[in-house]
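To start, the structure itself, in structure tokens.
What follows is calculated from the coordinates using simple rules that are stated; it is not laboratory data. Owing to the predicted nature of the structure, the values given are computational and were not obtained by experimental measurement. A quick note on method: Cβ atoms are made from the backbone with ideal geometry, for glycine too, and the neighbour counts reach across all protein chains shown.
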Amino acid sequence: MKEIKTFFIDSNKQVKKSLISGAKPTDKVDGEELAKKVEDTCNELISKGYNIIDVIPITSGSSGYSSAKRYGYGYSYTSGMMIVTSID
């Protein structure tokens, strides 16, 4: 009987450095690093006998509103990838 297993790969946010606040993560994702993590994880799972069914981006976001300036905004970013697998 096949069993479905999922694995989540977190995307590393780029770090923005400033003299005043120091280093803090931004909502920008390092796409090259995330692609390498997905590739390495898929290859490792395949070598362990898993079958890759799908790779799904997981999106996060936020929004805000300024009543003083009368505008709203929203944004989203890829917070990670989910790998869906099966194994006998």
*Residue-count net charge about Glu33 - beta-carbon cut-off 12 Å; Lys, Arg +1, Asp, Glu -1*: -1
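Taking the Cβ of Asn43 as the center, what net charge do the other residues with Cβ under 13 Å away carry, scoring Lys and Arg +1 and Asp and Glu -1? Working shown, then result.
Values: positive: Lys36, Lys37, Lys48; negative: Glu39, Asp40, Glu44.
Neighbour charge sum, excluding Asn43 itself: 0.
Do any of Lys5/Lys37; Lys5/Lys28; Lys2/Lys48; Lys13/Lys37; Lys5/Lys36 go past 25 Å between their Cα atoms, and which?
From the list (Lys5/Lys37; Lys5/Lys28; Lys2/Lys48; Lys13/Lys37; Lys5/Lys36), the Cα-Cα distance tops 25 Å for Lys5/Lys28.
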